[in-house]
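Read the structure below first, then the notes.
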Amino acid sequence: MNLSIKNLAIGMACAGMVGATAPAFAQGDPAPRQGIAGGDVLLRVRTILVAPNETSGSVLPAFPGEHVSVDSSVMPEVDITYMATDHIGFELIASTTKHHADGRTGTTGSIGKLASTWVLPPTLTAQYHLNPTGRIRPYVGAGLNYTIFWNETASDGLVAAVGPTDVRMKDSLGWAAQAGVDVDITPRVFLNLDIKYIDIDTTARLRTTAAGTQHVAISLDPLVFGIGLGIRL
């Protein structure tokens, strides 16, 4: 009987020690923080679809009334966001996409693809995050875009029709708007859905051998749809 009482006392003492030390372990190993806060850096990798809503002027002076169209492009994109406060962040995106300009009617329409170009549109937006501490965090943003056109190349069809052709496209400065949402997968990793509208206007110059120099003004104004993963660094 005395032995049983002694064992019970030892067991109660051990339980008391575990209970006393448990809060210390809990304090030393806090649960991961959910959401975002001022000072955080967010890195995202997306796949984007750049879908121009283009309107163009005529190909002048030789082809009045003939316009061009610009195709869509899918590419990877990387962006980084710095949270200045719990709600306000600044995002910078970096990606480059390749697009083709095609004739639509008349002589240029019969040629089809006229030229191709790579487009680099670095865009800086200020964002407002509506629910920074939540698992689902929508945001809206607005900012500036500077679009650089590079590696412009005349198509084989255009060269066959009018001889060697030099193509140049004017860089563009415009505004941008966006909306999106981050959805936590883990406390640090999240799914991202994003859409942007980017104001892009350019003038293409085609200096041809047989048809002289032609110009066409193009408003690209693409919608950029993105889906990807992000991490809070």
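Restricting to the range 81-93, what's the tally of residues that are of a type in the set (S, T, N, Q) and either exposed (fewer than 15 other Cβ atoms within 10 Å of the Cβ) or within 19 Å of Asp199 (Cβ to Cβ) (or both)?
1
Kindly indicate whether any position in the range 132-144 is over 25 Å from Ser72 (Cβ atoms), charged (D, E, K, R) and either open to solvent by 20 Å² or more (accessible area, probe 1.4 Å) or not in a strand (DSSP E or B) (or both).
Checked against the condition, which is being over 25 Å from Ser72 (Cβ atoms), charged (D, E, K, R) and either open to solvent by 20 Å² or more (accessible area, probe 1.4 Å) or not in a strand (DSSP E or B) (or both), the range 132-144 yields at least one hit.
Against the condition in a loop (DSSP other than H, G, I, E, B) and either out of contact with any helix residue (DSSP H, G or I) (no Cβ under 7 Å at 6 or more places or on another chain) or within 30 Å of Gly212 (Cβ to Cβ) (or both), how does Arg44 come out, does it pass?
No.
Identify the residue in the range 190-233 that is part of a loop (DSSP other than H, G, I, E, B) and of a type in the set (D, E, K, R) and, among all such residues, is nearest to Val159 (Cα to Cα).
Within the range 190-233, the match that is nearest to Val159 (Cα to Cα) is Asp221.
Evaluate the following for Ala94: is it out of contact with any helix residue (DSSP H, G or I) (no Cβ under 9 Å at 6 or more places or on another chain) and at pLDDT below 95?
yes
Residues checked against (1) in contact with a Leu (Cβ under 7 Å, 6 or more places away or on another chain); (2) surrounded by fewer than 19 Cβ atoms within 10 Å (Cβ to Cβ):
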residue	(1), (2)
Ile48	no, no
Leu60	no, yes
Val68	yes, no
Asp79	yes, no
Thr108	yes, no
Lys113	no, yes
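Given the residues Leu193, Leu158, Leu220, Leu206, which is the only one that is free of Cβ contacts under 8 Å to residues at least 40 places away in the same chain and surrounded by 15 or more Cβ atoms within 10 Å (Cβ to Cβ)?
Leu193
Residue check, Leu173 against (1) open to solvent by 20 Å² or more (accessible area, probe 1.4 Å); (2) within 21 Å of Arg104 (Cα to Cα), all met but one. Which one?
With (1) open to solvent by 20 Å² or more (accessible area, probe 1.4 Å); (2) within 21 Å of Arg104 (Cα to Cα) applied to Leu173, the lone miss is (2).
Cβ-Cβ distance below 7 Å, separation of 6 or more or different chains: which pairs start in the range 76-96 with a residue that is closer than 15 Å to Gly35 by Cα and end on one that is assigned to a strand (DSSP E or B) and open to solvent by 80 Å² or more (accessible area, probe 1.4 Å)?
As it stands, the answer is Thr81/Phe90; Tyr82/Phe90; Ala84/Phe90; His87/Tyr128; Ile88/Tyr128; Gly89/Tyr82, since those pairs meet every condition given.
The values are calculated or read from the model by the stated rules, or taken from the named source; none is laboratory data. Just so it is clear, the structure is predicted and the values come from calculations on it, not from any experiment. So basically every Cβ, Gly included, is an ideal-geometry build from the backbone, and we count neighbours across all protein chains shown. Note: accessible area is taken over every heavy atom of the protein model, side chains too, but ligands, DNA and RNA are not part of it. Shrake-Rupley method; radii C 1.70, N 1.55, O 1.52, S 1.80 Å.
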